[in-house]
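Working notes for the structure below.
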Amino acid sequence: TTWHNRQLEATQAVAERERDQATAIADSMVRFFRSPDPGADGAAVTAAELLERSFADLQRDTHLAPETRQRLLAALIDSHLGLGLYARAAEIGEYALAVSLQHPDRTADFPLLQGRLAAAYLADGRILQAIEHFELAVNEARRRYGPDHPETLLAQTGLVGGWHQAGRLQDAIRLAKE
């Protein structure tokens, strides 16, 4: 029937978008790790250098879909955080958020980026900025996904940590119990 055909077409379109995103991410990852100097010793390249080159590539690549770019930027933020490069993680988070706001209709991962930026601020000791962004991430994740979605819960956990570090223990305890 017509309804079934429309459902099938919609499902197929989603599957194709997800396939294209996975392919773009895989292609980007391979490009990120490819040496600009094939004669250089790859063992001498540091993780920080790879991350910087990857970020520069992402900034230049205008062909990536906004959703794919957001996912890759979130991964770069997480990687910088994992290496203890907190200030750089925050800079990339600020860039990622600014880029995502250029595509408000295609910013599916806005709470993800907002939460990653907040985590970078918190790790960098910028507690008030972290709290502000965690609050935005929590509110947006609740609105988009509902109260029990993993992104909502992750943002709430970050907000609890931020409030705890800021000495807002009652707020932290109240939210942690939700």
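The values are calculated or read from the model by the stated rules, or taken from the named source; none is laboratory data. The shown structure was predicted, so the numbers you read here are calculated from the model rather than taken from an experiment. FYI the Cβ positions are ideal-geometry reconstructions off the backbone, even for glycines, and counts take in every protein chain you see. Areas reflect the complete protein model, heavy atoms only, side chains present, ligands, DNA and RNA absent. Shrake-Rupley method; radii C 1.70, N 1.55, O 1.52, S 1.80 Å.
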Inset, instruction - Sort 68, 1 from largest to smallest accessible area, using a 1.4 Å probe on the heavy atoms of the protein chains. - result: 1, 68
Legend entry - Accessible-area ranking of 135, 9, largest first, probe 1.4 Å: 9, 135
Legend entry - At R0 = 25 Å, FRET efficiency that the Cβ-Cβ distance of residue 175 and residue 98 yields, to 0.05: 0.35
Legend entry - Segment residue 144-residue 46, length gained on full extension (0.36 nm per residue, minus Cα span): 31.5 nm
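What accessible area per residue comes out for the range 71-131, rounded to a whole number of Å², with a 1.4 Å probe?
So the range 71-131 comes to 41 Å² accessible per residue, rounded to a whole number.
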Inset, instruction - Output the peptides 143-149, 125-131, 163-169 sorted from most to least packed, where packing is the average of other Cβ atoms within 10 Å over each peptide's residues. - result: 125-131, 163-169, 143-149
Inset, instruction - Please give the contour-minus-distance gain from residue 132 to residue 12: 0.36 nm per residue of separation, less the Cα-Cα distance, rounded to one decimal in nm. - result: 39.3 nm
Legend entry - Two-decimal Rg/Rh across the range 58-178, once Rg and the Kirkwood Rh are taken from alpha-carbon atoms: 0.98
Inset, instruction - Return the distance in nm (one decimal) between the two label points of a simple spin-label model at residue 168 and residue 78, each offset 7 Å from Cα along Cα→Cβ. - result: 2.6
Inset, instruction - Give, in nm to one decimal, the length gained when the segment between residue 3 and residue 59 is fully stretched (0.36 nm per residue of separation minus the Cα-Cα distance). - result: 16.0 nm
